[in-house]
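Here the structure is laid out as structure tokens; the discussion comes afterwards.
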Amino acid sequence: MIDTAYLKQQAKFLRIETLKIHKAAPEVRVASSLSPIEIFTALFYGKLLRYNPKNPRDENRDRLIISKGHGSICMYPLLADLGFFDKDELKRVCKSGSFLGGIPDPIIPGYETVNGSLGHGLGVACGIALALKTKKSDKKAVVLTGDGELNEGANWEAIMCAAQHKLDNLTLIVDYNKVSMLDFSKNIIDLNSLSEKFKAFNWDVYEIEDGHDIEQVYNTLKTAFSDQQQKPKVVIAHTVKGKGIPFLETHPLSHILSVKEGDIDGLVEEIKHAD
Amino acid sequence: MQIKAMRDVFLAALHQKMHEDDSLFFVSADFGAPILDKIRADFPDRFINVGIAEQNLINVSVGLALEGFTVYAYAIAPFITMRCYEQIRVNIAILSQLRPMNINLIGVGAGVSYSLSGPTHHCLEDLSIMRTLPNLEVFSPSDYLLTESYVERTIANKTPKYLRFDAMPMLPASESVENFDEGFRVLQTGSKAVIIATGYMSQKAKKVAADFDVMVIDLYFLNAYDLEKLQVCLEGIETVITLEEGFKGVGGLDSEINSKLKNKQVTNLGFEQKYTFEVGSREFVHEENGLGEQDLITLLKSVK
């Protein structure tokens, strides 16, 4: 059963810890790391993924490919909290010699692939899903991508391939936060209707209206993972870039904006006491 | 000796291996060969055609390789290198440094072996751009016997590799393969100079140098050969000519030799930095670029 209160608390914890990392390492992309927090919370704290912190490449794990690597700094406190690596490492993000950089790479326990360049995760995940099927494994491949990232053509090669080969052990989660680097994504490449696009490509489509409502996120992901209709699955999560930071939530340039160091403690307090 | 195409010999040997080893997986970007029809008929679970989509060819192959399969990705040479160079760089060169993967990129159509198809199908950049990537072995064979010998290495050597195959059936450059792992072989002995060539140009060098006192070396592991052995071979020879079916002076075979044999007199031969639109035989395209047989013979006559 879903423990909503617990998951909400964990999401709050990740949001706060992500801001603290941003305070110490302003280089990290904070806005795009705040939009997928409930998704990661449901996957890990909700145990929708099988994972093993003691052996991150355990054969019995589900494979999570975080294609929008830069926008997953919230994974650092999550992985440390679950025991993938020592919590002290969080103090060294972006410091010389640290393995926790501005863009996560698979030297970090818990990361599978190189994510600094966009549009690679889904194709690699197709190969992983195909391999898992060939090995008759019941483990699944899950990819997290942003919406701006879907501008990359390689994704669409993979989208066609996954449907053709009926990869129903593959789920793509789109962190649809609707802001790219220079503007709202609809002003750059308008993806609407994204769900219709995936339907036309013969995928099973799930939509989460509020990607920050942990119950919706958890329940939709759970349903999608259990669905095996001989089709790959996409979960389109409507999220807010910079969620929790009012000035970022509405700003077309939120991707490249930092939160002022002096404002962070106040924001942390607000988040702590928010509903 | 028979005339054969590299890919046919390689794929026939691989077909046999696939019977013995169920970790071998073949991925094609809608590119074929008669033996490939057997592979896909006999191993439908370990063959996939990703369509005309080289970026996805690489990414799918990487996913399979991460899961422990020995993967063969197959397409036309300029497309499997340049259409998806970013995928190769990120998901193979970079990622394999952290996560071991056995992935073999087979490109058919080395140099101007598809001479009639024009500049899109001419592959004159691949040696330099593939050689510049860390963690990737570059194999540039001159005949089908070498490609056959390489099959074993594709399985045993669990790293990324690029296999640059000629498209045209040819006779072998030599009757047998010895000391394969040294990465080069002497096709002809000689004392006044040495031609160090790769791929089809090794065959051509052997042909044009037949009447000269010139050594011919076929270098087929471009970045994994035994340099010490090569240096021993070249003792007493001061004049070195490099010869490749690739743009010259931009990082291919010539760059490898220039950087390693610094105390020799090295002349680099290869394609001028321009594309050739006039169609014709392979020799015609070579002549258009100053690499015709007569051009090479004239050069050899000038070697004192």
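A few notes on this one:
- Alpha-carbon Debye profile of the protein assembly as shown, log10 I(q)/I(0) at 0.13 Å⁻¹: -1.19
- Every Cα-Cα pair of region A:61-117 was included, and the share exceeding 14 Å stands at 50 percent.
- Chain B - convex hull of alpha carbons, volume per residue in Å³: 122 Å³
- Among the protein heavy atoms, those of A:Arg61 account for about 10 Å² of accessible surface (1.4 Å probe, every chain in place).
- Antiparallel DSSP beta bridges within chain B, percent to nearest 5: 15 percent
- Per-residue mean of C-beta atoms belonging to partner chains within 10 Å, peptide B:43-51: 3
- In order through region A:188-205: 3J(HN,Hα) via Karplus (6.51 cos²θ - 1.76 cosθ + 1.60), integer Hz, x for Gly, Pro: 9, 9, 7, 7, 5, 8, 5, 5, 5, 4, 5, 4, 5, 8, 6, 9, 7, 10
- Largest GNM mean-square fluctuation across B:Ser176, B:Ser281, B:Ser61, computed for chain B with C-alpha springs under 10 Å, falls on B:Ser176.
- Probe 1.4 Å - accessible area at A:Lys186, Å² to nearest ten: 130 Å²
- Across chain A, the convex hull enclosing all Cα atoms gives 117 Å³ per residue.
- Using a simple spin-label model with pseudo-atoms 7 Å out from Cα toward Cβ, B:Asn223 and B:Ala156 lie 2.2 nm apart.
- Apportionment of accessible area to carbon and sulfur, chain B, percent (1.4 Å): 50 percent
- Members of A:Lys54/A:Lys231; A:Lys140/A:Lys186; A:Lys139/B:Lys158; A:Lys47/A:Lys135; A:Lys12/A:Lys178 lying beyond 27 Å, as alpha-carbon distances in this model show: A:Lys54/A:Lys231; A:Lys140/A:Lys186
- Å² per residue, accessible surface of the protein assembly as shown at 1.4 Å: 39 Å²
- Compactness of region B:180-302 is given as radius of gyration and Dmax, 13.9, 42 Å, from Cα positions.
- Over all orientations, region B:6-165 has a Cα convex hull whose mean projected area works out to 8.2 square nanometres.
- Over region B:180-302, Cα pairs under 8 Å with separation of 6+ residues give a relative contact order of 24 percent.
- Candidates B:Asp21, B:Asp126, B:Asp166: whichever shows maximal mean-square fluctuation once chain B is modelled as a Gaussian network with Cα springs under 10 Å: B:Asp21
- Peptide A:12-23 is shielded by partner chain Cβ atoms: per residue, an average of 0 of them sit within 10 Å of its Cβ.
- Cβ crowding within 10 Å averaged over residues, with A:33-42, A:223-232, A:132-141 ranked highest first: A:33-42, A:132-141, A:223-232
- Neighbour net charge for B:Ala33 - beta-carbon separation under 15 angstrom, K R +1, D E -1: -2
- Total accessible surface hidden between A and B, rounded to 100 Å², 1.4 Å probe: 2100 Å²
The values are calculated or read from the model by the stated rules, or taken from the named source; none is laboratory data. Fair warning: this is a prediction, and the values are worked out from it, not measured in the lab. Heads up, the Cβs are rebuilt from the backbone with ideal geometry, glycines too, and the neighbour counts pull from every protein chain shown. With ligands, DNA and RNA removed, areas are computed over all heavy atoms of the protein, side chains included. Shrake-Rupley method; radii C 1.70, N 1.55, O 1.52, S 1.80 Å.
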